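Just so you know, all these numbers are worked out from the coordinates, no wet-lab data involved. A quick note: this is a predicted structure, and the numbers were derived from the prediction, not measured. Virtual Cβ from ideal backbone geometry, glycine too; neighbours counted across all protein chains shown.
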Amino acid sequence: MHTFLRPTLRRPSLRRGALAALATAALTAGMLAGPTQADTTTTAASPDLSVDDATAHLQQLSSIAQANGGNRATGRPGYKASVDWVKATLDAAGYTTTVQQFSTSSGTSYNLLAEWPGGDANHVVMTGAHLDSISAGPGINDNGTGSAAVLEAALTWAEQGRTPRNKLRFAFWGAEEQGLLGSNHYMRNLATAEKDKIEVYLNFDMLGSVNPGYFVYDDNAAGDGVRDQITAYYDSKSIAWEYIDVQGRSDHASFRSYGIPTGGIFSGAEGTKTSAQAAKWGGTAGQPYDPCYHRACDTMSNVDRTAFDRNLDAVGHMVWLQADTTYGTPPTTEPPTTPPAGTNLLANPGFESGSTAWTASSGAITSSTNRPARTGTWKLWLGGNGRATSESGSQQVTIPANAANPVLSYWIRTDTAESGSTAYDTMKVQVVSGGTTTTLKTFSNVGTNATYTLNSHSLAAYKGKTITIKFVSSEDYYLQTSFVVDDTSVTAG
Ligand code: PHE
Ligand code: ZN
Ligand code: ZN
């Protein structure tokens, strides 16, 4: 019983109506945690992903194309067979996979998403590659290499059995060749809250061009750092690199358009290698990086093993690095400062007409100047007596059965003469419905806030019901706490 613990030297508090200055508690309104810069912890060394295993994945995709008319293109059976095989492989490794179907003018297509169990789902690290080919050929460099690298990274992660700090999500996109359709479809249909959880998207499209370049996406929206992580990796392996402006040419664009940091590497497509590039990278100046780009000859022999091996390890490095990157706590959502729009179903919501429409304890609806109203002069002042009292104010309201998002809102300011962390005095916000009382929120002398603050609660459970909204205080025998409510509303949404 807290009475025994209370100090004997408590000073009498001032009652409502007293003119002396009132003690107000220090504000304890939450300081909003600012976003913090990502920092990295190297809890796992970068893996040396097996180029033999990744090449076996390429061989598998090649066989799938051969068995399906020579390609893995959107709307053709070779694409679905590619999805089925990657899915089965990831399922067997312990991933949680999802196939997302969508339609295109070239036929039905599918995205495959795979998540590793564990890791903080509020911080998602996505790594993706398009799995479709053009219809002219099997698409082994474009984009068997990116697909095989992402798959091998996922499988090696699973083998190592570690729990990442962040949620790892791997994506295999459909219909990239038709204009980034799969990644666009995914993002367009992803809830805003889920988009917000994606910290980074890494894209891999063409990693083993036979006349290779080592291009790093020149994508460095303020503070990303992803681009710099990739170039630092190449530097550490003494691989010369160049930035490339890939604009909208691959699936990272579907993420970048929502402001998500992206990064990627690319060994070159139809572009021509310069003599300066041949000098630092080897290969043939004046020839395309990938002479079989979008052609039938983009087969197993259209992959440079050295370029593929180097880029495979860059993929592994980035996945491992990002898996354990510490992303700061996202900024706490600012408390709303406006109630929902719409007709206010409460009558006399700001108490300016005194007790009209309200059932309230005597004197609780007041124009006393000892506490400010938020607007006008009247408000509902519960408590503030410094003696054992219970006071309330309530109003009946009917929530329309077709209300989309019914919400109760009210502004409240609190102050107290109490101290410490024991709730001696309380004020409950309640809904009485059919004889059942539900408390939506309890305020107390702990954590008072003398600045009017908006509070909102869903009334979705009460659609079609006539309910009573009730604010009810309970003070103990000593030291006042004032709960001042103003500008209430119930909206149907
Ligand atoms: N997205 C292109 C394709 O699949 C290849 C590409 C990747 C081009 C990255 C530029 C940059 O055909
Ligand atoms: Zn292509
Ligand atoms: Zn491609």
Angle check, please: helix 51-66 long axis (alpha carbons) against the longest principal axis of the chain (alpha carbons), in degrees 0 to 90, nearest 10.
80
Given an 8 Å cut-off on Cα distances and at least 6 residues of separation, report the relative contact order of region 184-242 as a percent.
28
Please compute the net charge surrounding residue 258, taking Lys and Arg as +1 and Asp and Glu as -1 over other residues with Cβ under 10 Å from its Cβ.
+2
With labels modelled as points extended 7 Å from the Cα through the Cβ direction, what inter-label distance (nm, one decimal) is found for residue 458 paired with residue 103?
3.3
Which peptide among 274-285, 148-159 comes first, and what is the full order, when sorted by highest mean count of other Cβ atoms within 10 Å?
148-159, 274-285
So for the chain, averaging the separation of alpha carbon pairs under 8 Å that are six or more residues apart and normalising by length, what relative contact order in percent results?
18
Whole Å is fine, so just give me how far the alpha carbon centre of region 291-328 lies from that of region 357-384.
68
Table column - 3J(HN,Hα) (Hz), region 290-304, Karplus curve with 6.51, -1.76, 1.60, x for Gly and Pro:
10, x, 9, 4, 6, 10, 4, 7, 7, 10, 4, 7, 9, 10, 8
Antiparallel DSSP beta bridges within region 8-323, percent to nearest 5
45
In whole angstrom, the spacing between the Cα centers of region 459-490 and region 49-75 equals 65
Just to confirm a number: summing +1 for Lys and Arg and -1 for Asp and Glu over residues other than residue 182 whose beta-carbon lies under 12 angstrom from that of residue 182, what do you get?
-3
If packing is taken as the average count of other Cβ atoms within 10 Å, what order do 433-444, 115-126 fall into, highest mean first?
115-126, 433-444
Using +1 at the C-beta of Lys and Arg and -1 at the C-beta of Asp and Glu, which of 191, 288, 358 has the Cα lying farthest in the positive direction of the dipole of the chain?
358
Suppose every K and R has +1 on its Cβ and every D and E has -1 on its Cβ; what is the size of the dipole of the chain about the Cα centre, in Debye to the nearest 20?
2360
Considering only the other residues whose Cβ falls under 13 Å of the Cβ of residue 428, what net charge follows from Lys and Arg at +1 and Asp and Glu at -1?
-1
Please quote Rg/Rh for region 8-323 to two decimal places, taking the Kirkwood radius as Rh and restricting both calculations to Cα atoms.
1.15
Semi-axes of the equivalent ellipsoid for region 142-277, please: Cα gyration tensor eigenvalues, times 5, square-rooted, ordered largest first, whole Å.
24, 18, 16
Degrees, to the nearest 10: 77-92 long Cα axis against longest axis of the chain
60
HN-Hα J in Hz across region 393-400 - Karplus 6.51, -1.76, 1.60, θ = phi - 60°, x for Gly and Pro
x, 8, 8, 8, 8, 9, 8, x
